[in-house]
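J.: Right, I'll just put the structure down here and ask away after.
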Amino acid sequence: MVHEAGPGFALPEGFLMGASTSAHQIEGNNVSSDWWTLENHPRSFIEEPSGDAADSFHRWPEDMDLLRELGFDSYRFSVEWARIEPQRGRISRAAVAHYRAMVRGAVERGLTPVVTLHHFTSPQWFSDLGGWTAPEAAGLFAAYARTCAEILREGVRYAATINEPNIMALMYALRAHAAEHGWDSVAQGARAAREAGAAAVDPASFEPDPEVVRALIRAHRAASAALRETVPGLRVGWTVANQVYQPEPGAEDIATAYAWPREDVFLEAAREDDWVGVQAYTRHRIGADGTLPPPRDAELTLTGWEFYPEALGEAVRHTAEVVGPGVPVLVTENGIATDDDSRRIAYTARALASLAEAMDAGIDVRGYLHWSALDNYEWGSYRPTFGLIAVDRHTFARTPKESARWLGGLSRERRLPAAAPLGSVPAPTSR
Ligand code: BGC
């Protein structure tokens with residue numbers, strides 16, 4: 001049953017309503033990528049490998065047809081560097097043709113494509129060189145961006161260079177910490193600590209290495225310049241994980257200092273961009289000693305995050321404040337991992353209401369792309385289901401959920417709910 005929320009907030013002309021995915025999480029068999037190596041390592045700390053994922057490498061036309069039928073007008077997906085350049089300097093013409101067809105396929109269906117060049121995975125050869133901190137990283141990434149120009153020229157308006165550079169920088173910090181201790185990963189370290197009865201390190205306490213941050217910004221700038229030169233009219237930006245750091249009373253300065261290396265430095269780097277992507281899921285409360293766990297009575301999602309939909313409006317406001325005027329915002333990710341789809345509707349309705357308030361306050365937001373179009377590989381496990389569309393892991397059959405019809409309906413009606421829909425007021429449960 002679809003819950004109605006009344007007329008709500010009318011969407012401005014051209015506002016995009018769609019859903020997001022990333023290549024590694026849905027395509028399957030991304031065999032030349034560093035994540036594939038990691039997942040399939042005999043001592044991997046990763047719970048389960050991605051395998052066939054949702055087989056979207058072959059089923060993308062069906063995915064796009066579904067999104068269109070549901071009422072969406074845009075689709076964010078990523079192109080996979082490890083497929084396009086599986087060996088250094090060797091471009092797969094077949095992969096380029098594949099992604100060109102995807103862009104054309106989106107445009108033909110009336111879906112505005114929003115394309116990410118790098119979504120967490122790199123070709124194995126790039127990681128072997130040292131990844132983002134390799135001296136030639138920015139040049140290699142810019143060369144890859146030039147190759148992508150051929151794909152983007154098929155009709156892409158918005159391109160993102162690197163997805164969540166701030167999370168990527170954090171992953172590097174975690175990896176460096178593990179290497180220092182001779183562990184395969186921080187997860188292995190956590191296991192060892194547990195077995196020894198000691199407290200494990202808290203990943204939230206890690207701070208990105210400034211050298212990695214600088215390297216990512218360099219790579220972003222080099223790729224952006226390459227794209228602007230080669231794809232006329234393209235709008236280039238990057239998408240940042242917005243953590244919504246909320247200070248407890250008295251911890252305001254701590255929260256500001258905490259947020260800068262983990263988020264704001266990446267937003268400041270977006271001041272020269274054509275747009276900035278906001279990705280928000282929950283909040284992080286900051287006390288005198290750093291991050292605090294969710295409140296005791298909080299409803300938790302399948303990723304263990306606090307059910308806190310208002311994070312979206314807060315993230316959009318914070319981003320606009322740091323990036324400053326002249327750089328429009330695109331919500332490139334927002335959603336919830338749950339196996340109770342009514343909670344997805346409840347969450348998304350409140351998130352959208354908070355977005356409408358931010359837009360009403362004058363913030364220039366150009367679109368909302370829900371994470372995720374499909375249930376997919378959540379970086380180590382298929383258990384946290386973020387999808388609007390369910391995917392059968394064996395037959396790959398797609399089944400749109402009620403939330404997909406509800407959100408697609410809002411897209412058709414060109415409105416955002418002004419408040420939580422009737423009957424979906426948060427009810428603290430186990431998820
Ligand atoms: C990432 C996605 C991920 C999602 C939910 C974002 O950090 O860009 O790849 O699946 O959040 O965890």
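J.: What size of dipole, in debye to the nearest 20, comes out for the chain about its Cα centre when the only charges are +1 on Lys and Arg C-beta atoms and -1 on Asp and Glu C-beta atoms? Please list the in-between numbers first.
T.: Details: 41 positive and 58 negative charges, 211 e Å.
The dipole of the chain has a size of about 1020 debye.
J.: Highest first, please rank the peptides 207-220, 29-42 by the mean number of other Cβ atoms sitting within 10 Å of their residues.
T.: On the way: 207-220: 19.4, 29-42: 17.1.
Final packing ranking: 207-220, 29-42.
J.: Rounded to the nearest 20 Debye, what is the dipole magnitude of the range 220-279 about its Cα centre when Lys and Arg each give +1 and Asp and Glu each give -1 at the C-beta? Write out the running numbers ahead of the final one.
T.: Values: 5 positive and 10 negative charges, 69 e Å.
Dipole of the range 220-279, to the nearest 20 debye: 340 debye.
J.: Additional query: Dipole of the chain (Lys/Arg Cβ +1, Asp/Glu Cβ -1, origin at the Cα centre): which of Ala418, Ala23, His41 lies farthest to the positive side?
T.: Working it through, the farthest residue towards the positive pole turns out to be Ala23.
J.: Now, a different point. Place a +1 charge on the Cβ of each Lys and Arg in the range 284-326 and a -1 charge on the Cβ of each Asp and Glu, then give the dipole magnitude about the Cα centre in debye, rounded to the nearest 20. Walk me through the numbers before you get to the answer.
T.: Details: 3 positive and 7 negative charges, 16 e Å.
So the magnitude is around 80 debye.
J.: Among 163-170, 254-261, 330-337, how do they line up from the highest to the lowest mean number of other beta-carbon atoms within 10 Å?
T.: Working: 163-170: 23.4, 254-261: 17.1, 330-337: 26.0.
My ranking of the peptides, most packed first, is 330-337, 163-170, 254-261.
J.: Report Rg (one decimal) and Dmax (nearest whole number) for the chain, counting Cα atoms only, units Å.
T.: 20.5, 59
J.: Post the alpha-carbon centroid distance, the range 51-94 to the range 208-233, in whole angstrom.
T.: Cα centroid of the range 51-94 versus Cα centroid of the range 208-233: 23 Å apart.
J.: Order these peptides, 393-399, 408-414, by their mean beta-carbon neighbour count within 10 angstrom, highest first. Let's see the in-between values first.
T.: Numbers: 393-399: 12.7, 408-414: 17.7.
Descending mean neighbour count gives 408-414, 393-399.
J.: Probe radius 1.4 Å, ligands and nucleic acids ignored: give me the carbon and sulfur share of the accessible area of the chain as a rounded percent.
T.: Numbers: 9060 of 17090 Å².
On the chain, the fraction of accessible area on carbon and sulfur atoms equals 53 percent.
J.: Work out the charge dipole of the chain with +1 on the Cβ of Lys and Arg and -1 on the Cβ of Asp and Glu about the Cα centre, then indicate which of Val331, Ser403, Ala159 is farthest towards its positive end.
T.: Ala159
J.: Here is a follow-up. Which percentage, to the nearest 5, of the DSSP beta bridges contained in the range 9-416 is antiparallel? Intermediate results must be reported in sequence, preceding the final value.
T.: Values: 10 of 46 bridges.
Just about 20 percent of them are antiparallel.
J.: What does the accessible area per residue of the range 9-416 come to in Å², with a 1.4 Å probe and no ligands, DNA or RNA counted? Could you put the intermediate results ahead of the total?
T.: Details: 15570 Å² over 408 residues.
Solvent-accessible surface per residue comes out at 38 Å².
J.: For the chain, build the charge dipole from Cβ charges (+1 Lys, Arg; -1 Asp, Glu) around the Cα centre, then report which of Ala106, Ala320, Trp305 sits farthest towards its positive end.
T.: The one lying farthest along the dipole's positive direction is Ala106.
J.: Taking square-rooted eigenvalues a ≥ b ≥ c of the alpha carbon gyration tensor, is the range 262-306 rounded, prolate or oblate, where a/c under 1.5 means rounded and, failing that, a/b exceeding b/c means prolate?
T.: Values: a/c = 4.68, a/b = 1.87, b/c = 2.50.
Oblate is the answer for the range 262-306, as a/c is 1.5 or above yet b/c matches or exceeds a/b.
J.: Further question on the same structure: Using only the Cα atoms of the range 87-151, build the gyration tensor, take square roots of its eigenvalues as a ≥ b ≥ c, and label the shape rounded, prolate or oblate: rounded if a/c is under 1.5, else prolate if a/b is larger than b/c, else oblate.
T.: Values: a/c = 2.72, a/b = 2.12, b/c = 1.28.
It is prolate, given that a/c is not under 1.5 and a/b is the larger ratio.
The values are calculated or read from the model by the stated rules, or taken from the named source; none is laboratory data. For clarity, every value in this text was computed on a predicted model and none was experimentally measured. Every residue, glycine among them, receives a Cβ derived from its backbone with ideal geometry; neighbour counts consider all protein chains shown. Ligands, DNA and RNA are stripped out before the accessible areas are found, and what is left, the full protein with its side chains, is counted by its heavy atoms. Shrake-Rupley method; radii C 1.70, N 1.55, O 1.52, S 1.80 Å.
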